[in-house]
Amino acid sequence: MSDAQVAAALLAQQLINGLTIGLVYALIALGYTMVYGVIQLINFAHGEVFMLGAYLALTAVWLLTAWLGAPPAILLLCGMFALSVVGCALTGRLIERVAYRPLRGSPKLTALITSIGVSFFLQNAVMLLYGSREQSVPEVLPMVSWEVGGVSVSGMQLLILAVSAAMMVGLDRFVRRTRTGKAMRACAENTEAASLMGISPDAVIRNTFMLGSGLAAVGGMLFAMNYGSVSFHDGYLAGLKAFTAAVFGGIGSIPGAMIGGILLGVFEGLAAGYLSSEWKDVFAFGLLVCVLIFRPSGILGENLPEKV
Amino acid sequence: MLEVRHVHTRYGKVDCLKGVGLSVGAGEIVALLGANGAGKTTVLKTLSGLVRPSAGEVLFEGRRIDGVSPEEVVRRGVAHVPEGRKVFQKLTVLENLELGAYLRRDGAGVRGDLEHVFALFPVLKQRLRQRAGTLSGGEQQMLAIGRALMSRPKVLLLDEPSLGLAPIVVSSIFRMIREINREGRTILLVEQNARMALSVAKRAYVLELGEIVLSGEAEAVRDSPEVQSAYLGGG
Amino acid sequence: MNGSALKAWWRKHPFISQVVTYLAPFALLPLVHRNPYHLDVLTGVGIYAILALGLNVIVGTAGLLHLGYAAFFAIGAYSYALLNIHADCPFWLGLPASGVAAMALGTLIAVPSIRVRGDYLAITTLGFGEIVRITVNNLDEWTGGPNGLLGIDRPSLPMHGPDGWTLRSFSVDPLPYYYLVLAMTAAIAYLLFRLSDSKIGRALTAIREDELAAGCMGVPVLRTKITAFALGSFIAGLAGAVYASKQTIISPDSFDFVLSVLILAMVVLGGMGNIWGAALGAFVLGVLPEVLREFAAYRMLLFGLIMILMMIFRPQGILGGQLIRRELRPVRREVSDGAAEVKGASKSYGGVAPLKNMDLVIHAGEIVSLIGPNGAGKTSFFNCVTGLARIDAGRIAFDGGRVRLDGLAPERILRAGVARTFQNLRIFRNMTVLENVAIGYHSRTRSGLLDAILRTRRHRVEEMKTLRESLELLGWIGLNEQANEIAGCLSYGDQKRLEIARALACGPRLLLLDEPVAGMNPTEKSAISAVIRRIRDRGISVFLIEHDMKVVMPLSDRVVVMDDGRKIAEGPPDKVQCDPRVIAAYLGEPGDA
């Protein structure tokens, strides 16, 4: 292959790898953006929910393998999905009820501090339950990959693409077509007016948390399968990056979170490939800081005027 | 049908309502008038559950609704069209109207009511799939009223429907209000534009600085000199 | 000094007495208890205390949530380490240098970040903190990378021994460090006390209470916030140098996000804004891991739980600090005559036009009232004149046309001589009545941070003048009995009066009052009307929005009526009352039906 072809192949590879992680970021970012849209809270603990999702998926594999010896892949996948989504949705609901609901009228910074406390608690609880060492994830799917013109795409990457696309389409349908989804959008815009329609803000907030946590759980499951190992540290970094993606795309905007996640993953992949992998985290944080300072409304957000 | 007795409401340290009492009979249009800061919006918010009175009671069809959550108030049949319309800007006209019927389970009834709203406000049908934020002020007001009607309320609370609207639009809105009342809906109308409100209402109350200072039949209130002084002071 | 003079001096200097009283037990402890491990732990607690005191300035006093504080601790540590290793810099020189280095970085970060909204600011500082940590981790040749730096010198002091004066360096014995840290804690606490009771401290509290109102009263909000950031970073730098010299080995791992949160938790636990609270929080959270040694694995769990429970049940902390409230040069005072002119002011946004070609003139020494139905645009107009909103067309001029107001920031407009009150009453609720009024003098005095901490002559003189004139003003308006009460405890009528006094303290020639008698009873209303007349008699023009016609009509020299963004009538009150256009605007046209 010529030099240009090699370079092009390298670029394409980085893009594919970046897209893969970007889709996972997007799944997590959706949770941040939906919660912020409804109650204007930065849910610091959301990253840990993602991490919990990864661990629950792993647990499902352990349990099913222990019970059934060598279960078929499809059963494993369903089990992982079910356990992580349900477990995380319930966790998200519990967190909202116990830690955030009592602070509904408080200053936002109080709630932020609480969410940091929740994140520490959750992170440590998982560490105590599962041990502080990294856990490896057994192979669920056979490792296949295809090579096209010097670019390799693994089956796992295709799975991630398929599943996250399905999730995002599903979310979009849900939010735009169903009664509950419309109630969520109404509440995000004007909670008081929504309550005058008979919409219960408490119920909407609860649903938002559960939905966001479920999506993060799927992200965790895909993450675990893709990288083959999980560690209780994973939530912190992934969470911050996903938050960056959410703000970058426009906080409160669901399409924004999706676009932001994908773009962040791609940019990060390019930075890692062409600059240095050591500095790729700095890139993400640098983007975070720049967006917050210069364009806090993000790509798809409206320019939020300061209200007097 | 709707009764307010000796209601006191506070915002922080300020006594917003000081012993307000009024009543609205079934099928009536009653107007609540007064200058800015008189407390008119607070009365409606107390009725719809957005604000809790510190003393007094509010009764709807004989049952107390003070302190009840806004969702429950809607369920019981009281719909509040808030000041400034507050339609959901990012949602379409249709979605706004559908949300008005959020609590209803009867699909056929909802569809029938939707047609009825279109009959009242034909322009809404034309703009069905447009985002509510793109509508003009008058159209948003119609949407807000239509949205409230979708819950099939027994009582409609209207907060300053003429606010910020051109006079021609205001006239047509009030024509529709009269029409809605003719269909049998009870209406409590809060307005600053006293003449307009008195032209449609049967009875009226005048609120000044948190207290009812005048009440009676619409013509009597309209002709009384107190109304003018309540708004403009002096004599 | 004999006994009673000593006592008097003690009472006159409450800060010194507090610092000495609370820290004396720690000073005396080693005389009775010499366990080196315990002393070491307490020294660590002391370093935490210094960090907590520094973060308290940023978070507690100024109300800016900072999640990246460990980065400045790191900069301080690495600065001293590098200076020492490469330039043989002794500790006592490296200490202030580290402080300055950290302060420089803090200021650099603060300048772009400070405009960011509250919760976003927290994440911004987190981002910067991580950037610093990762950078330090990656710059191997400079910082030793993940392995860090070693061989850092300890401090040394001249000691008199058998060979005369020699330089003896600290050793592994924790005792000298113990006293070093204790002395630094005492000194920093003392200086911070001085700050809190000064013009700058008052400004920081006002910013935390209500940033918007503080800005409108002349406090240079952005600059003051950056000052708080810089000071807090400086203190972290000092702590870093001490830490580096004690450990003699430093690596990036010690300066992570968890540490930033830990320091924040100390500040919050003790009570935000409370100096002793920060120290107490440091003590509790520093000693706790030692006490609960068996539960070491559960440390983070407990820590998270403490933060959650604290915010839910006692957000003001143990000692009761302040909750974070709302998101709030040499001055040449030109003598202007209070005349203002607005020509063709228009404003529109998002399909709404609150001002359409508005014209208005206010003459010197007039009381002009602005009335109009709901939604007429009165408050928008006020906001445009006072700099909280911008007009899209037209001009607003003051002082006979000499000073253009449109486009200026509220602080500048205040210095030009225009002050205001707010419709929803924005006093500083947790400050005393006197302090509220004193804020008005902020832009009229010159002393700054250094003056405040070092208690220079200029600061002392200006403070005396400020407090004396504030008291006079309170007397004039009838609130001097409540001078030392917390503003939030006053009756509503008195609070409205306080807000007027605060605006007067800014020395305006034109006073804008937004619904000054809203919510008051008739007695209070006539009292305020009388005050407004006396303000006019002092030569200050008054421009007010009000709905109560019984107050407006007898009080005003002229009444201006707005409807739908335009002026529809103006003139003496009796004329306006009978004007059919005005009646129509409020009550509707006679033909309306």
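Annotations
- Qualifying residue in segment B:181-199 (condition: more than 30 Å from C:Cys578 (Cα to Cα), open to solvent by less than 10 Å² (accessible area, probe 1.4 Å) and touching a helix residue (DSSP H, G or I) at 6+ places or on another chain (Cβ under 6 Å)): yes
- Filter pass, A:Ile16 being open to solvent by 20 Å² or more (accessible area, probe 1.4 Å), more than 21 Å from the chain's Cα centre (by Cα) and within 26 Å of A:Ser145 (Cα to Cα): no
- Where helices (runs of 4 or more DSSP H) fall entirely within segment C:188-288, those with at least 2 residues that are among the basic types (Lys, Arg) and farther than 21 Å from C:Asp40 by Cα are at C:199-209, C:221-247.
- For segment C:123-170, the set of residues classified as surrounded by fewer than 17 Cβ atoms within 10 Å (Cβ to Cβ) and of a type in the set (Asp, Glu) consists of C:Asp140, C:Glu141, C:Asp163, listed by residue number.
- Any pair with Cβ under 7 angstrom, 6 or more apart, that starts in segment B:124-148 at a residue that is over 11 Å from B:Pro161 (Cα atoms) and ends at one that is among the acidic types (Asp, Glu) and open to solvent by less than 70 Å² (accessible area, probe 1.4 Å): B:Arg127/B:Glu139
- Test: residue in segment B:134-157 that is over 19 Å from the mean Cα position of the chain (by Cα) and either open to solvent by less than 40 Å² (accessible area, probe 1.4 Å) or on the phi > 0 side of the Ramachandran plot (or both): yes
- Each residue in segment C:373-417 was checked for being open to solvent by 40 Å² or more (accessible area, probe 1.4 Å), assigned to a loop (DSSP other than H, G, I, E, B), within 14 Å of chain A (Cβ to nearest Cβ) and touching a strand residue (DSSP E or B) at 6+ places or on another chain (Cβ under 9 Å), and 2 of them qualify.
- Considering segment A:189-277, the qualifying helices (runs of 4 or more DSSP H), each wholly inside and each with 3 or more residues that are within 14 Å of another protein chain (Cβ to nearest Cβ), under 25 Å from A:Gln14 (Cβ atoms) and open to solvent by 20 Å² or more (accessible area, probe 1.4 Å), run over A:234-249.
- A search for C-beta distances below 6 Å between a residue of segment C:353-372 that is assigned to a loop (DSSP other than H, G, I, E, B) and any residue that is open to solvent by 40 Å² or more (accessible area, probe 1.4 Å), counting only pairs 6+ apart in sequence or on different chains, returns C:Ala364/C:Asp337; C:Glu366/C:Asp557; C:Gly372/C:Asp563.
- Given (1) out of contact with any Leu (no Cβ under 9 Å at 6 or more places or on another chain); (2) farther than 29 Å from B:Thr41 by Cβ, index of the condition C:Gly394 fails: (1)
- Taking segment C:285-304 as the range and being buried (at least 17 other Cβ atoms within 10 Å of the Cβ), of a type in the set (A, V, I, L, M, F, W, C) and more than 10 Å from every other protein chain (Cβ to nearest Cβ) as the test, only C:Leu285 passes.
- Of the helices (runs of 4 or more DSSP H) that lie entirely inside segment B:121-235, those containing 3 or more residues that are within 26 Å of B:Val74 (Cβ to Cβ) span B:122-126, B:137-149, B:167-182.
- Apart from one condition, C:Met266 fits all of (1) among the aliphatic types (A, V, I, L, M); (2) under 15 Å from C:Ile47 (Cβ atoms); (3) away from chain A (no Cβ under 14 Å); the exception is (3).
- Test: residue in segment A:77-85 that is crowded, with 24+ Cβ neighbours inside 10 Å and hydroxyl-bearing (Ser, Thr, Tyr): yes
- Selected residue (only one of C:Thr21, C:Thr43, C:Thr107 is over 15 Å from C:Ala278 (Cβ atoms), within 27 Å of the chain's Cα centre (by Cα) and part of a helix (DSSP H, G or I)): C:Thr107
- Failed item in (1) modelled with pLDDT of 90 or more; (2) more than 8 Å from chain A (Cβ to nearest Cβ), with B:Leu99 passing the rest: (2)
- Residues in segment A:104-122 that are assigned to a loop (DSSP other than H, G, I, E, B) and either small (Gly, Ala, Ser) or more than 7 Å from chain C (Cβ to nearest Cβ) (or both): A:Arg104, A:Gly105, A:Ser106.
- Among the residues making up segment C:502-539, those that are within 17 Å of C:Trp476 (Cα to Cα), open to solvent by 10 Å² or more (accessible area, probe 1.4 Å) and under 29 Å from the mean Cα position of the chain (by Cα) are C:Leu504, C:Gly507.
- Single condition C:Arg581 does not satisfy, out of (1) at the interface with chain B (Cβ under 10 Å from one of its Cβ atoms); (2) among the basic types (Lys, Arg); (3) out of contact with any helix residue (DSSP H, G or I) (no Cβ under 9 Å at 6 or more places or on another chain): (1)
- Residue in segment C:422-442 that is basic (Lys, Arg), surrounded by fewer than 22 Cβ atoms within 10 Å (Cβ to Cβ) and more than 21 Å from C:Lys496 (Cα to Cα) present: no
- Where helices (runs of 4 or more DSSP H) fall entirely within segment C:477-585, those with at least 3 residues that are out of contact with any Cys (no Cβ under 9 Å at 6 or more places or on another chain) and within 30 Å of C:Thr466 (Cβ to Cβ) are at C:492-505, C:522-537.
- Any hit, segment B:47-67, residues being at pLDDT 90 or above, touching a strand residue (DSSP E or B) at 6+ places or on another chain (Cβ under 9 Å), within 12 Å of chain A (Cβ to nearest Cβ) and over 16 Å from A:Ser200 (Cα atoms): yes
- Residues in segment B:193-220 that are within 11 Å of chain C (Cβ to nearest Cβ) and basic (Lys, Arg): B:Arg195 alone.
- Filter result for A:Thr110 (hydroxyl-bearing (Ser, Thr, Tyr) and at pLDDT below 90): yes
- Residues that are over 20 Å from the mean Cα position of the chain (by Cα) and modelled with pLDDT of 85 or more were ranked within segment B:9-19; the one that is most open to solvent (accessible area, probe 1.4 Å) is B:Lys18.
- Answer from A:Val169, A:Val175 - the residue that is outside any strand (DSSP E or B) and out of contact with any helix residue (DSSP H, G or I) (no Cβ under 9 Å at 6 or more places or on another chain): A:Val169
Here is a yes/no grid of residues against (1) farther than 26 Å from A:Tyr227 by Cβ; (2) in contact with a Lys or Arg (Cβ under 7 Å, 6 or more places away or on another chain):
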residue: A:Glu96; (1), (2): yes, yes
residue: A:Arg104; (1), (2): yes, no
residue: A:Leu112; (1), (2): yes, no
residue: A:Gly117; (1), (2): yes, no
residue: A:Leu122; (1), (2): no, no
residue: A:Leu128; (1), (2): no, no
residue: A:Gly131; (1), (2): no, no
residue: A:Trp146; (1), (2): no, no
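- All conditions in (1) open to solvent by 60 Å² or more (accessible area, probe 1.4 Å); (2) not in a helix (DSSP H, G or I) hold for A:Phe283, with the sole exception of (2).
The values are calculated or read from the model by the stated rules, or taken from the named source; none is laboratory data. Keep in mind that what you see is a predicted model, and the values were worked out from it rather than measured. Glycine gets a Cβ as well: all are built from the backbone with ideal geometry, and neighbour counts include every protein chain shown. Quick note on the areas: whole protein, heavy atoms, side chains included, nothing else; ligands and nucleic acids left out. Shrake-Rupley method; radii C 1.70, N 1.55, O 1.52, S 1.80 Å.
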